[in-house]
Amino acid sequence: MDDIMTLEEVAGYLKLKPQTIYTWAQDGRIPAAKLGKEWRFRKSVIDRWFNRHIDEKFNEYLDES
């Protein structure tokens, strides 16, 4: 289960504040599962989510053929 991350681990991984990740998880803006009182994240899903968001933001700069 190395793929499972805590809120604090995701915040460190994405270089954001834990409160930002918490708010995004509460609002459904980042893929997360609440187990009891704790939020858990799957690293592989976070990676796909992040890459999709980066691609959307920088799409016009990626394909300049």
| field | Pick from the range 1-18, criterion charged (D, E, K, R) and assigned to a helix (DSSP H, G or I), ranking: surrounded by the fewest Cβ atoms within 10 Å (Cβ to Cβ) | value | E8
| message | Between a residue in the range 1-22 that is farther than 16 Å from K37 by Cβ and any residue that is of a type in the set (A, V, I, L, M, F, W, C) and not in a helix (DSSP H, G or I), which pairs come within a Cβ distance under 6 Å, given they are 6 or more apart or on different chains? | response | M5/F41; V10/F41
| field | Unmet criterion (only one of (1) out of contact with any helix residue (DSSP H, G or I) (no Cβ under 6 Å at 6 or more places or on another chain); (2) surrounded by 13 or more Cβ atoms within 10 Å (Cβ to Cβ); (3) part of a helix (DSSP H, G or I); (4) not aromatic (F, W, Y)) for I21 | value | (1)
| If you scan the range 30-53, which residues turn out to be among the basic types (K, R) and surrounded by 13 or more Cβ atoms within 10 Å (Cβ to Cβ)? | R40, R42, K43
| query | Looking at R48, R40, which is the one that is part of a helix (DSSP H, G or I) and either under 11 Å from the mean Cα position of the chain (by Cα) or modelled with pLDDT under 95 (or both)? | reply | R48
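The values are calculated or read from the model by the stated rules, or taken from the named source; none is laboratory data. Remember, predicted model here, so these are calculated numbers, not experimental data. Neighbour counts are summed over all protein chains in view; Cβ atoms, including those assigned to glycine, are modelled from backbone coordinates with ideal geometry.
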